[in-house]
Amino acid sequence: MRISRLIITAIACMSITSTQTVKIKIIAPKQWNDRKAILLTREKGFAAIVHSIKLGFDTTHLRMNADLVPDLYQFQVSQKKGALTFFFDPGTEIRIDSTNIANSTVTHSKSNLEWLAFQEKVQKPSDNRLNAYILEEGRARKKSRVDSAQYWIGQQALEREKLWSETATFIRTNPRSYVSLYLLKVNWFALKNKGLFEQLDKSLAHHRNYRLLQERSKGIARN
């Protein structure tokens, strides 16, 4: 019985660390052939996972841990302006904007469409409002209007609460989305007590982010 348990544990560990071939298509100007590019994760508190790519191939096959996609990645090209932040699904296609990599077009990624929808409907409007409140606070401080400055500080706090509320709504509405999984991870400190992890679909359970949140949820339960 003990041996059987050890075998099961070993198989589980192997499945967690298994790798897969992930395809990505990058359409770049022909004069960029053989130029180096990198695909990497960029998150505070997490070490970057970097993949090197040489441009000029119709399709690039990356060997990646099976639990690392779909997720938020950044794409950069050597000695070229800008960096593209996008949600990487296997089979994603990037059409490079040669003037600024950040403006490149991403297709064949369902997760990236969901990410863009969240950015356009939730994140960007909130950022715009928050920046306006910060600007008003600065103006009030320059004129030594203490009460006014405090008001705009309060508006900033309310805006952050509103953003977390709308983020929680997005997660509840999209329980099968890897974007929801990512958003819950990066906003865990604000959303951990809303029971959102339990609402995520079990189809996400193979992902590294899901296992991370599962451990965090256990910690809450123990407390």
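The values are calculated or read from the model by the stated rules, or taken from the named source; none is laboratory data. All values reported here derive from a predicted model rather than from experimental measurement. Counting neighbours? That spans all protein chains shown, and the Cβs are built from the backbone with ideal geometry, glycine included.
Observations on the structure shown:
- Looking only at residues of region 170-208 that are surrounded by fewer than 18 Cβ atoms within 10 Å (Cβ to Cβ) and β-branched (Val, Ile, Thr), we find that the one that is modelled with the highest pLDDT is Thr173.
- Screening region 48-104 for residues that are under 23 Å from Ser180 (Cβ atoms) and among the hydroxyl-bearing types (Ser, Thr, Tyr) and picking the one that is surrounded by the fewest Cβ atoms within 10 Å (Cβ to Cβ) gives Thr85.
- Complete set of residues in region 161-212 that are part of a helix (DSSP H, G or I), closer than 17 Å to Phe118 by Cβ and of a type in the set (Gly, Ala, Ser): Ser165, Ala168, Ser180, Ala190
- Listed by position, the strands (runs of 3 or more DSSP E) contained in region 67-118 that have at least 3 residues being among the β-branched types (Val, Ile, Thr) and within 27 Å of Asp34 (Cβ to Cβ) are 105-107.
- Count - residues of region 127-147 that are free of Cβ contacts under 8 Å to residues at least 12 places away in the same chain and assigned to a helix (DSSP H, G or I): 11
- Considering (1) charged (D, E, K, R); (2) out of contact with any strand residue (DSSP E or B) (no Cβ under 9 Å at 6 or more places or on another chain); (3) at positive phi, the lone condition that Asp34 does not fulfil carries the number (2).
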